[in-house]
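Each reported figure results from applying straightforward, stated rules to the coordinates on display, with no laboratory input. Computed from a predicted model, the values in this text were never measured in an experiment. Don't worry about glycine lacking a Cβ; one is built from the backbone with ideal geometry, like all the others, and counts go over all protein chains shown.
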Ligand code: TXA
Ligand code: MG
């Protein structure tokens, strides 16, 4: 199954669609210029595509919320070139946060830290904290370097929809609202960054993601806490999120087999994201076999959910994934995708 367009197809597309550009030096310079002008630029990161704006320009950041249809009290992550810039954006950095930054940046980790006084309310959602991350994707790094400041960027999807892992996904969702989409092919990790906050200097896991919890605990020398009422709010962690439009259910393999048989008998159109289960010979719906490997599964997940959603089936059935830590972030996204539509999503 094609996960990303070939280089040749990307060139053809960029001629047809002026918004999507191959990440040449000229396109990156243009993107930096557009950001300085207060416009929105979508760019690839190692996790998902981000919808970027100048983090120091509140009007530009407001444009992100308008484009996504996202309520203004949802904070956005500021993307930086390196950990040295932490001191500009955060007024205090606990030692534990420094250790995580040293171990995992550049990479798929977001740290929630007390904000410096100049950080705009529209960036922090009016909270006293700011989300900071140094991405590792070369195009994101080149863009941040060319721009020379922090880039505020949520995932480049409409509020509540599936996060984009290709330039085409961004164009499908946000089209006219972005000045430029830098095309870096499909995102290598495919699900969002891990978010860690610090409450009284205790590390708290707000969202599992690209960096695994066991790797984090190794560096911290202790397990992460679960968020409690005092932890900063992260709306992307609420129950329903990352959802396809088609109702989706998560089922163990045996239940999945039984459900398929039942629905088939009722002539319902079924779209299946399988993992260990083989396609029944008489199955007539859409069947996607997903990887047995957690990283590959994560890489393909959002593109697979989009494909299943586009099938216009009556229902999407997803085979459960293993219970171990390697699958934590995938389990998190699947359980949110399977809860259906809610109005509180990033
Ligand atoms: O991998 C990622 O993190 C991607 C790429 C583009 O960097 N970004 C991303 O952003 O997933 P977004 O906005 O879709 O999700 C960020 C989550 C949201 O749930 C937001 O509420 C939370 O991070 N967040 C951001 N700043 C925060 C803060 N100051 N306090 C608590 N949560 C925060
Ligand atoms: Mg998001």
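Observations on the structure shown:
- Mean separation of Cα contacts under 8 Å, 6 or more apart, over the residue count of the range 71-217: relative contact order %: 27
- Alpha-carbon geometry of the chain: the Rg and the Dmax are 20.0, 63 Å, given in that order.
- Here the simple spin-label model places points 7 Å from the Cα toward Cβ, and for residue 276 and residue 33 these points are separated by 5.6 nm.
- Against the chain, whose longest principal axis is taken from its Cα atoms, helix 7-16 shows a tilt of about 70°.
- 22 Å tail of the calculated P(r), the range 132-231, as % of Cα pairs: 44
- Between 0 and 90°, nearest 10: helix 328-337 axis offset from the chain longest Cα axis: 70
- If you run the Gaussian network model on the chain, springs between alpha carbon atoms under 10 Å, then out of 260, 162, 64 the most flexible one is 260.
- Alpha-carbon centroids, the range 314-335 and the range 130-184: separation in whole Å: 25
- Legend: calculated FRET efficiency, residue 200 to residue 102, from the Cβ-Cβ distance at R0 = 22 Å, rounded to 0.05, equals 0.50.
- Spacing of the modelled spin labels on residue 262 and residue 95, each 7 Å from Cα toward Cβ, amounts to 5.6 nm.
- The C-alpha atoms of the chain define a longest principal axis, and helix 25-36 lies at about 70 degrees to it.
- Value of relative contact order over the chain, rounded to a whole percent, pairs C-alpha under 8 Å and six or more apart: 20
- Among 167, 103, 294: highest mean-square fluctuation, GNM of the chain, C-alpha pairs under 10 Å: 103
- Residue among 97, 53, 313 with the largest mean-square fluctuation in a Gaussian network model of the chain, springs linking Cα atoms under 10 Å: 313
- Projected onto planes of every orientation and averaged, the convex hull of the alpha-carbon atoms in the range 254-335 covers 5.2 nm².
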